[in-house]
1. R0 = 35 Å: FRET efficiency of residue 142 with residue 82, Cβ-based, nearest 0.05?
2. Could you list 99, 299 in order of exposure, starting from the residue whose Cβ has the fewest other Cβ atoms within 10 Å?
3. Kirkwood hydrodynamic radius of the range 6-76 from all distinct Cα pairs, in Å?
4. Near residue 20, which lysines are there with a Cα under 30 Å away, not counting those fewer than 8 places off in the same chain?
5. Give me the percent of DSSP beta bridges within the range 112-242 that run antiparallel, rounded to the nearest 5.
6. With axes computed from alpha carbons, what is the tilt in degrees of helix 275-288 against the longest principal axis of the chain, rounded to the nearest 10 within 0 to 90?
7. Among 81, 28, 198, 223, what is the fewest-to-most ranking by other Cβ atoms within 10 Å?
8. Which residue, chosen from 154, 69, 100, occupies the Cα position most advanced towards the positive end of the dipole of the chain, where the dipole is computed from +1 (Lys, Arg) and -1 (Asp, Glu) charges on Cβ about the Cα centre?
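Bear in mind that the values in this text are calculations on the coordinates, not laboratory data. Every value quoted in this text rests on a predicted model; they were computed, and no experiment measured them. Because the Cβ atoms are built from the backbone with ideal geometry, glycine has one as well, and the counts that use them run over all protein chains shown.
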Amino acid sequence: MLRLPWFDYRAPRTVAEAAKILAGEGPEAMLVAGGTDLFPNMKRGQQAARTLISLRGVAELKTANGKFGSGLTLTDVVRHEKTPAALRQAAAQVATPQLQNMATLGGNLCLDTRCNYWDQSFEWRQSIDFCLKRDGETCWVAPGSSRCWAVASSDTAPVLCAIGAEVTLVSVDGERRIPVRELFRDDGIEYLNKRSNEILTSIHVPAQDGSWRASYRKLRRRESFDFPVLGVAAAARIVDGVVTDARIFVTGAGSRPHDASAAAAVLVGKRVDDRDAVAEAADRAARIAKPLDNTDFALGWRKEMARHHVTAALADLA
Ligand SMILES: Cc1cc2nc3c(=O)[nH]c(=O)nc-3n(C[C@H](O)[C@H](O)[C@H](O)COP(=O)(O)OP(=O)(O)OC[C@H]3O[C@@H](n4cnc5c(N)ncnc54)[C@H](O)[C@@H]3O)c2cc1C
Ligand code: SF4
C-alpha cells in the first residue's frame, strides 16, 4: 500500500489567512484543494511538502457570483446554470463522478504535468535513476534535451483558454488578473506562471453574447476514467452563419495547452459548415500540435487523431 508521508496541516478560513500562511511557510508549503492530484503524487514521492495549506474551508473560494471560485468542485461547475456548455463538457469528462465531487476547478487548472516516466511509483522511478523533472539528470523521452516535456493534462484549461477566460491570483503582495492562456508555461517542470506565494482565487468567464460557440473533444483510453492524451477546444464567433473569429487550443500535446488559433484563422470569413475550410484548419492545427511519445497510445495514431478531433470540435460549432 502506498502511504502519505508526514506533513503539517493548516486549515485557514479566509484567502487572506491562507496567503499569510503560504508566505510565512515559504516554498516547502503547498496548497491543497480536493487533493485528487496532489495526494496520489505525494504517495508516489513525485511531490513533497512540509506543510499543506488546505483551501477546503475557505468559503469565499466556493462562490459563483459573476465569477467561478477556484474552490468550486467540478460537480458544482457541471451543475451551475451559468457554466458555458464547453466548460461543462470538459468538467464532466474529468476522471470519474466520484473524483469530480472532490476535485476543484482551481486544482484542475494547476494540475501537475504528466509523463509515462513520471507517473510511476518511487521505486519504479528509482529503477531508471529518476529523470530531469525530479531527482534525476536525464529526460528519458528526449535524452539529449535540457528541458522536461511532460504534458499538460487538464481538461478545463484548453476550454478556458479558447473562450478567453481570466484568472485572479492573490498573495500577500496583492492581486493580479491574467488571461488563462498566460497562466501556462511551455516547461514540464515550471508549468505555471504563478509565483509560489500566489493562490488562484477565481476564474472569470466572459459574458456570453450568443455569437460565440465552443466545444471540447477528448481522446483517452477508458471513456469513464482517464486523463486526456489529447483534448481539443474550439471556439468561434459566428454571425449569420459566417465565422468572424476563431480559436483552437490543444492539450495533451505539450507542456501547456497549445495555441493553434493561427490554424483557425482560415475559417474567418467562411461559413461555419464549410467542409474544405474545416479540413484545412484541422490539418494546420494538427501540424502545430506535435505530440511526443510520453503518454498513452502510439505516437503516430495520436498525431492522426489530432486532425480528427479538431475536425470534430469544429463540426460541433456548426
Ligand atoms: C484516477 C484519476 C483520473 C484523473 N483524470 C483526470 C482527467 O481525466 N482530467 C483531468 O483534468 N484531471 C484528471 N485527474 C486529476 C485531478 O483529479 C483533477 O485534475 C482535479 O481537478 C484536481 O483538482 P483538486 O482540487 O483535486 O487539486 P489538488 O490535488 O488539490 O491540487 C492540484 C495542484 O493544484 C494546486 N492548487 C490547488 N488549488 C489551488 C489554488 N486555488 N491556487 C493555487 N494552486 C492550487 C495544488 O497545490 C496542486 O499542485 C485525475 C485524477 C485521478 C486520481
Ligand atoms: S518528459 Fe522527460 S524529464 Fe519530463 S517527466 Fe518525462 S522523462 Fe522526466
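1. Given R0 = 35 Å and the Cβ-Cβ separation, E is 0.25.
2. Fewest to most other Cβ atoms nearby, the residues stand as 299, 99.
3. By the Kirkwood definition, the hydrodynamic radius is 12.8 Å.
4. Reachable lysines: 43, 62, 67, 133, 194.
5. 95 percent
6. 30 degrees
7. Least crowded to most crowded, the residues run 81, 223, 28, 198.
8. Value computed over the given set: 100.
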